[in-house]
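Only one structure is covered here, and it is reproduced in the block below.
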Amino acid sequence: MTQEANERQRLLQQVPQLIKEGKAPPEQIMLAGTKTFLPTSDGFKWIKVTDPDATVAIAKGMSNSVGGYATSTTYGTLNRGRTALERGEAEIYSLYDKNNIPHMTVEYLTNKAVPPEGRTDEAIKNTIAQFTGNGPLTANDKPGPMYVPHIRALVDRLNPTRVPDTIRQLLKNN
């Protein structure tokens, strides 16, 4: 590994502890390979992953497995991991606060999505396949009501044909 890669790994390992201590993780780690997709309210913004390696920082901040998109070719709903992101079949979004700490992770399957081998389900296109997190380090918890304005903003922007039942119910109840 290069010195730069070693430094990145060192900083990534610090992310969970910094979040536990209420400190902002390094911006250069949390924002590398992403772009702002949709600012919302209260200093929050949806970021879009532009480089599969960026999922590693999100995974550290969320304590979930989305980092599999950086390292696996058999990860995610399409079972193609990094390849699905690189081909534009899947997109990853994360809700970041003003300190660039992730609160939620979203897997969106685009109109380019091809069903995994053995499936012919074309209904996967333009769908939110996964929507998880209820704050930093909350893994795959279901989002809570406090995030409804941010969730609604993303759903309105993406205009998917399907969203997970938990999200549909959350939006309906709030």
>> Within 10 Å of each candidate Cβ there may be at most 12 other Cβ atoms; applying that plus a DSSP loop requirement, which GluC sites (Glu not before Pro) in the range 93-174 survive?
In response: Glu117
>> Give me, ordered by chain and number, the residues 5 or more places off Asp51 or on other chains with an amide H under 5 Å from its own placed amide H.
In response: none
>> Under the 0.36 nm per residue contour assumption, what length would be gained going from the current alpha-carbon distance of Gln169 and Glu86 to full extension?
In response: 26.7 nm
>> Using 26 Å as the Cα-Cα cut-off, could you pick out the over-long pairs in Lys20/Lys172; Lys23/Lys60; Lys48/Lys98; Lys45/Lys125; Lys125/Lys172?
In response: Lys20/Lys172
> Rg to Rh ratio, the chain, alpha-carbon atoms and Kirkwood radius?
Replying inline: 0.96
> Got a sec? Which residues in the range 148-174 would a label at Asp42 touch, if it sits 7 Å along Cα→Cβ and we count backbone N under 16 Å?
Replying inline: 148-154, 171, 174
>> Relative contact order of the chain, please, whole-number percent, based on alpha carbon pairs below 8 angstrom and at least 6 residues apart.
In response: 17
> Counting Lys +1, Arg +1, Asp -1, Glu -1, what net charge surrounds Tyr75 among other residues with beta carbon under 11 Å of its beta carbon?
Replying inline: +1
>> If I model a spin label at Met146 and Asp121 as a point 7 Å from the Cα along the Cα→Cβ vector, what separation in nanometres do I get?
In response: 3.3
>> Tell me the per residue accessible area of the chain using a 1.4 Å probe; a whole number in Å² is fine.
In response: 50
> Near Arg8, within a Cβ-to-Cβ distance under 14 Å, what is the net charge of the other residues, with Lys and Arg +1 and Asp and Glu -1?
Replying inline: -3
> Hey, what number do you get for the chain at 222 nm if only DSSP H runs of n ≥ 4 count, each worth -39500 (n - 2.57), divided across all residues, to the nearest 500?
Replying inline: -10000 deg cm²/dmol
> Quick one: with all protein chains in place, what share of the accessible area of the chain is carbon or sulfur, to the nearest percent (1.4 Å probe)?
Replying inline: 47
> Non-local amide H neighbours of Tyr75 (under 5 Å, H modeled in plane, Pro and chain starts lacking H): which ones?
Replying inline: Arg80, Gly81, Arg82
> Of the trypsin sites (Lys or Arg not before Pro) in the range 20-50, which ones lie in a loop per DSSP and count no more than 13 other C-beta atoms within 10 Å?
Replying inline: Lys23
>> Can you sort Asp141, Asp97, Asp165, Asp51 by solvent-accessible area, 1.4 Å probe, largest first?
In response: Asp165, Asp141, Asp51, Asp97
> Do any trypsin sites (Lys or Arg not before Pro) in the range 114-174 lie in a loop, going by DSSP, with at most 13 other beta-carbon atoms within 10 Å of their beta carbon, and if so which?
Replying inline: Arg119
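The values are calculated or read from the model by the stated rules, or taken from the named source; none is laboratory data. Remember, predicted model here, so these are calculated numbers, not experimental data. Virtual Cβ from ideal backbone geometry, glycine too; neighbours counted across all protein chains shown. Note: areas computed on protein heavy atoms with side chains; ligands, DNA, RNA excluded. Shrake-Rupley method; radii C 1.70, N 1.55, O 1.52, S 1.80 Å.
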